[in-house]
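The values are calculated or read from the model by the stated rules, or taken from the named source; none is laboratory data. Just so it is clear, the model here is predicted, and its values are computed rather than measured. We place every Cβ from the backbone using ideal geometry, glycine too, and count neighbours over all the protein chains shown. Calculation scope for accessible area: heavy atoms of the full protein, side chains included, ligands and nucleic acids excluded. Shrake-Rupley method; radii C 1.70, N 1.55, O 1.52, S 1.80 Å.
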Amino acid sequence: MNNFPSHEPPESKFHALRVLKFQVYKLLTGQLSPARKLVAAGAMAGTGLAVGVATGGLEPLGLTWNFAAKQASKVVASTPMKTELVNAEKYKQSFHPLGKYLYLTPQKLGGGTHVVDLDSGKTLSWISYWNYGDSCPISHHLAAYPSPNPYKGFEFVNSTQGGDNVMIYGIPTPIKERGLLEKWGQGNHIYRVHFDGQQMNLVEDVSETTGIGLGVHITVLPDASGFAAADGQKDVCAFFNRAGLTEKTQTQAAFRADWIGRQPNGNMQENWSKGGTVRLTRMVQAKETGKFDLQGSKGNKLNWEMVPMAENLVSTGQLPGDNPRALTGLDAVVHHPGSRYSALILRMMSAAIIIDRKTWQPIACLQNPEGSKDNLKVEKVSSNPDTWDIHFDDVRSVGHEAGFSPDGKIFTMMNNINQNNMAVFDTSDPDPKKWKRITFVKDKTWVGDYPSPFHLCFSMDGSKMFVSVLHPKPANSECCVVDTKTWKIIKKFQNIGPDCQTMAVSYDGKYVFQIFSGFQRMSAGAFIFTQDTLEPLGYLPNFGGHHDCVIVPTKVEHLRNSRCTTL
Ligand code: CU
Ligand code: CU
C-alpha cells in the first residue's frame, strides 16, 4: 500500500501538501538528504504540518491544511508523538548486530522447522518431518525450553496439523486421492526435537506416546517442567511433563470442552449467540492401554481448523465436520507466569477458563466481549467429579489469541469479527475469581473483520505490548505497539508483509522480531524493530510459510516473554 498516491494534478494544493507530508515522513524515517531535511523542517514549521506528525496525520488525508495552520502554535510545546505510520516497503535487509540469539521458526506447509543464528545470519540446523514418515506434517506452532547455551544444545516441542488442513489453501494436490492421509496417518503429531549443537534430532512423537494428537498452539510451562498443547478442531488441550532425552513423555492432565447451546435444535447462527453452557471434562486414559484415543483426526468436531477470522464459518454452517454444534474452539493454553494458573482459550465464545495446575480444577472463566460479564462462575457437575459447567448468558463475539503480561498482572485476549478489540483484564489479585476486565484496546481502523488484532507479546520491561494486525491476503499486515499504562496504540508499522503472525523479543530488551507469511505461499521473512525506541531496522530473510517464531530462552525467567505466557 502506498500512502502517497500521485493521481492528483501536481499543481494542486493537495499534491503540495502530500509532497510535504512525504518529506516529513522521509525526514522521520531518515530517508531525506540533509539539504532537503532543512527545507522540509522549515516548511513544517511554517505550515504546522508537525501537528500531523504528532497526531498521526501522516495517514492519507488525515489532516486538512487549515486545521494544521490553526494548530501550528500548539506544536512547539506539543505532546510526544502519538502515532507514526511507517511504510515498511523501503526497508531493506537489516545488517544490524542482533546479539547471540537463536531464532526458531516453523515452516507450516513446508513441513519442518529451522533455527537461524541471529549473530551470524546462518541457518544452524533444520528438520523436516516428511523424512520420518509423516505424510502430512504441517509444522504449525512451537515452543523452546531454556538452555544456558543454545548453540551447544536445546530442546523444543512442535505441533503439526494434518488431515484436511492441507486441502484448504487452494493447492492442486492429489494428496487425498492417493490415499496418503489414510494410509500413512492423518498428522496431528507433537514432535519433541533436540538440537545437539550440530543437527536436529527427532526425540519423540508425544502424540504416539500419549495417544493425544494436538495440532495447534503449544506453550512451555513457566518453570520449564513441561508443556501444554491444544487443538480447536477437537476442543482438547493437554498438559505434559518434560521427559529426559531417553525417557517418554507423560500426560499430566487432559481436558475437553463442549458447547451446549440453549436451543439444541435451533438454527446454527443462534447456536452460540443466544448463550448456553461450556462443559469442561477432565479426560482419563483407557485402562487397558494407558493411552488416550485421540491420535490423527480422531476426535475432530471439524474437518479443518477455523483459519483466523473464520470462526463465523462455523455458525453459518460452512465448516463441515462431525459435530460443529458442540464447538468451543479450544485451541490454546497460555500460562500465568506464576506457578499455578493457566488459561484455556475458547475461540467461539471469546473466553478463557482459568485452571489451577496444582489441583487440575477450573476456578474461573474470563469472558472478553464488551457488554458481557467479565468473570463467570465455574460449577461442578455433581454427578461427575471431573466435569464442570460454565453458563454464558450471551456470546457477543468470537475471539482468538491471548496472553499474560510478564509480571502476571494483565491478561488480554482478542475479540474478533463481531467485535474488533482486545479485552484487558487486571489479574493482579491472587484469586482468579477476582480478575476484572478493566479496559479494551481499540483502534479506529479496527472495524468489521479486518484489519484485526491477531498475535501479541510484551517488551522485556512490560512497558509495551506488540500486536500483529492481520489484513486479508494478498494485502500486507501490520504490527502495532500499545502503551501498557494507557492501553493506547502509540505506533504502527504498516505494510510489513502478508500474514504477520507471532512476535519474539530478544531477551536483552533490544529487538522485536515480527514473523510474516502464514500459510499462503507468499513472501516470508522477519521484520525487526527496537523494543525501546521503536525504530524499524529492516528485514531478515527467513524461509518458509511461518505461523510462529520463538527465540530460544537461555534462562527460565525468559519464558515470561516467550512462548509460554503469550501467543
Ligand atoms: Cu495457528
Ligand atoms: Cu491461534
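Numbers at a glance
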quantity	calculated
Region 497-511, residues that are open to solvent by less than 10 Å² (accessible area, probe 1.4 Å) and either away from ligand 2 (no atom under 16 Å from the Cβ) or free of Cβ contacts under 8 Å to residues at least 60 places away in the same chain (or both)	Gly497, Pro498, Asp499, Cys500, Gln501, Met503, Val505, Ser506
Subset of region 325-339 [in a loop (DSSP other than H, G, I, E, B) and within 16 Å of ligand 1 (Cβ to nearest atom)]	Gly329
Residue in region 512-530 that is under 22 Å from Ser463 (Cβ atoms), in a loop (DSSP other than H, G, I, E, B) and touching a residue at least 60 places away in the same chain (Cβ under 8 Å) present	no
Checklist (1) modelled with pLDDT of 95 or more; (2) assigned to a strand (DSSP E or B); (3) under 24 Å from the mean Cα position of the chain (by Cα) applied to Ser125, failing item	(3)
Subset of region 210-258 [away from ligand 1 (no atom under 16 Å from the Cβ), more than 25 Å from Gly338 (Cα to Cα) and open to solvent by less than 10 Å² (accessible area, probe 1.4 Å)]	Thr210, Gly211, Ile212
Members of region 213-255 found to be over 19 Å from Gln285 (Cα atoms) and within 14 Å of ligand 2 (Cβ to nearest atom), listed by number	Gly215, Val216, His217, Ile218, Thr219, Gly232, Gln233
Test: residue in region 333-342 that is at positive phi and crowded, with 24+ Cβ neighbours inside 10 Å	no
Subset of region 158-189 [within 16 Å of ligand 2 (Cβ to nearest atom) and not small (Gly, Ala, Ser)]	Asn158, Thr160, Gln161, Asn165, Ile168, Asn188
Count - residues of region 520-546 that are open to solvent by less than 10 Å² (accessible area, probe 1.4 Å) and within 14 Å of ligand 1 (Cβ to nearest atom)	1
Residue that is nearest to Asp223 (Cα to Cα) [pool: residues in region 315-324 that are more than 16 Å from ligand 1 (Cβ to nearest atom) and surrounded by 21 or more Cβ atoms within 10 Å (Cβ to Cβ)]	Pro324
One residue from Met306, Met349 being away from ligand 1 (no atom under 16 Å from the Cβ), assigned to a loop (DSSP other than H, G, I, E, B) and surrounded by 20 or more Cβ atoms within 10 Å (Cβ to Cβ)	Met349
Matching entry among Pro337, Pro369 (being closer than 30 Å to Ile138 by Cα and more than 16 Å from ligand 2 (Cβ to nearest atom))	Pro337
Residue among Ser517, Ser562 that is surrounded by 24 or more Cβ atoms within 10 Å (Cβ to Cβ), within 16 Å of ligand 1 (Cβ to nearest atom) and of a type in the set (Gly, Ala, Ser)	Ser517
Count of residues meeting criterion [polar (S, T, N, Q), under 28 Å from Val314 (Cα atoms) and either part of a loop (DSSP other than H, G, I, E, B) or touching a Lys or Arg at 6+ places or on another chain (Cβ under 7 Å) (or both)] in region 238-285	5
